[in-house]
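Novice: Please find one structure pasted underneath; my questions will follow.
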Amino acid sequence: LQAPPLAPALATAIGSLPHTHPGDAAQLVLRVHPRFPAAPQLPARTPLEGMVAQWARALPEVSVHPDGSISVHGTGNAPPVAVFDDEAHAGLLAFLDAAASAEAVPPRVKVQIAGPLTLGMALKHCGVPARQAFRRGGEAARAWAIAVEELVQARLPHSALVLFFDEPALVAWRSYDTPIEHEAAVDVLSGALAAPACPTGVHVCGPGDVRLALEAGPQVLGVEVAPTLVDDA
């Protein structure tokens, strides 16, 4: 029987860790956040665990290079292939192994993936037209959301999952030069949030557009505590 995914006053984490050994990172999060540990991302270990490199790889038209950069070849319409890689997802896989073998299996876990707007922005920077870029970013994020949920259910059947979409690209919607219209961005993000059955959240990095994130309908919102939150309340 799973514990409720969320409960008052839970502490967890978001963002990457500086570790270069996946096992050490996994043990740290299990020790400091035993009730709600967060699967670590380890870009210092390899650029392939960088936010875009780790998740854009699901798109067949995307090539991920050893330095973590990506390039896009042709116009992609083939379905994303969300396959976990021992190198690119070492932090996540080590965490699931450690949690499954822990003396006390955590009642709930948090995993984060790149959000559809952030993936879409990365594709746009590679020259993909905006409409196509955000459509494909949304497809990739939805595919990974479902794959992560299935992986956690298989490895940790007694732990509840909360899945976060990391969206540093929301900063762009605070400006007047938005890559796609506000409503279109809400649709892209809400589509990804609706893909898994587990509770979902959005991490608004820095001065991102909190209102856009809220309109997309997450169950949890990760924000930095700052005076600007008063404007969005």
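Novice: With every protein chain in place, what's the accessible area of T20 (1.4 Å probe, Å², nearest 10)?
Specialist: Approximately 90 Å² of T20 is accessible to the 1.4 Å probe.
Novice: A follow-up question, please. Just the number, please: carbon plus sulfur as a percent of the accessible area of the range 1-67, 1.4 Å probe, no ligands or DNA/RNA counted.
Specialist: Heavy-atom surface of the range 1-67 belonging to carbon and sulfur, 1.4 Å probe: 61 percent.
Novice: When only DSSP loop residues count, what chymotrypsin sites (Phe, Trp or Tyr not before Pro) in the range 97-196 have their Cβ near at most 10 other Cβ atoms within 10 Å? Mind dumping the intermediate values first?
Specialist: Values: sites: F134, W144, F164, F165, W173, Y176; in loops: Y176.
When the chymotrypsin sites (Phe, Trp or Tyr not before Pro) of the range 97-196 are filtered for loop state and at most 10 Cβ neighbours within 10 Å, Y176 remain.
Novice: May I ask you to give the solvent-accessible area per residue for the chain, in square angstrom, as obtained with a 1.4 angstrom probe?
Specialist: Value for the chain: 45 Å² per residue.
Novice: To test your reading of the geometry: what angle, between 0 and 90 degrees and rounded to tens, separates the Cα axis of helix 182-193 from the longest principal axis of the chain?
Specialist: Tilt of helix 182-193: around 30 degrees.
Novice: Using a Förster distance of 25 angstrom, determine the FRET efficiency expected from the C-beta separation of F84 and D24, and round it to 0.05.
Specialist: For R0 = 25 Å, the calculated efficiency reads 0.80.
Novice: Out of the range 1-94, which trypsin sites (Lys or Arg not before Pro) are coil in DSSP terms and have no more than 15 other C-beta atoms within 10 Å?
Specialist: Of the trypsin sites (Lys or Arg not before Pro), the ones in loops of the range 1-94 whose Cβ has at most 15 other Cβ atoms within 10 Å are R35.
Novice: Under 16 Å from the 7 Å Cα→Cβ point of V225, by amide nitrogen: which residues of the range 1-43?
Specialist: Correct set: 9-14.
Novice: Exactly which GluC sites (Glu not before Pro) in the range 62-164 are in a DSSP loop and have at most 12 other Cβ atoms within 10 Å?
Specialist: E87, E103
Novice: Calculate the all-directions average of the projected area of the range 103-157's alpha-carbon convex hull, and give it in nm².
Specialist: The orientation-averaged projected area of the Cα hull of the range 103-157 comes to 4.3 nm².
Novice: Under 1.5 on a/c is rounded, so check that first for the chain, then, if it is not, pick prolate when a/b is larger than b/c and oblate when it is not; a ≥ b ≥ c are the square roots of the alpha carbon gyration tensor eigenvalues.
Specialist: oblate
The values are calculated or read from the model by the stated rules, or taken from the named source; none is laboratory data. Predicted model, so just to flag it, every value in this text is computed and none were measured. So basically every Cβ, Gly included, is an ideal-geometry build from the backbone, and we count neighbours across all protein chains shown. Only protein heavy atoms, including side chains, enter the accessible area calculation; ligands, DNA and RNA are left aside. Shrake-Rupley method; radii C 1.70, N 1.55, O 1.52, S 1.80 Å.
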